[in-house]
Amino acid sequence: MTLVTNTGALFEHSIDVAVTTPGLTGERLAFYALIGLFVGIVPVALGMMFYPALRAGGPAVLEFALALTIGLLAFLLVDTLAEGLEFASEAAPQPTAPCWYGSPQA
């Protein structure tokens, strides 16, 4: 693959398309199990431990906790979209002149 910059400089680089998938080993399986434990089981267990305290606080405490959770999720959505759009604007080329892809039709 050759990349041509706007100054005409050429950069050549090869990209390996076909890469073998790593095999499943006991170490890799244990690593995936550890990730699953931290991502799946621990948050559910923490939520189940705090649920009786939330119920004991009454409906206002439970509604506050749910509103806080919804607010956090909304913030994460807006922040993710802002970061993605910023990354896309930096990665996309900004043409300074009209570009034609293929041959122009008369």
Where the centre of each part is set by its Cα atoms, how far does the range 1-47 sit from the range 63-86, in angstrom?
26 Å
If you take the alpha carbon radius of gyration of the chain and divide it by 2.2 N^0.38 Å, what ratio comes out, to two decimals?
1.97
Exposed-loop cut sites defined as chymotrypsin sites (Phe, Trp or Tyr not before Pro) in DSSP loop states with at most 14 other Cβ within 10 angstrom; longest site-free run of the chain spans 1-99
Which value, to two decimals, describes the C-alpha radius of gyration of the range 1-46 once divided by 2.2 N^0.38 Å?
2.26
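Within the chain, which DSSP H helices have Cα atoms that stretch 20 Å or more along the helix axis and a mean Kyte-Doolittle hydropathy of at least 1.0?
Values: long enough: 42-56 (22 Å, 1.24); 59-91 (48 Å, 1.39).
Helices meeting the criterion: 42-56, 59-91.
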Do the sum for the chain: with -39,500 (n - 2.57) for every DSSP H run of n ≥ 4, divided by all residues, what is the mean residue ellipticity at 222 nm, to the nearest 500 deg cm²/dmol?
-19000 deg cm²/dmol
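Each value in this text was obtained by applying a stated rule to the coordinates, not by laboratory testing. Because the structure is a prediction, the values reported are computed rather than measured. Note: ideal-geometry Cβ built from the backbone for every residue, glycine included; neighbour counts use all protein chains shown.
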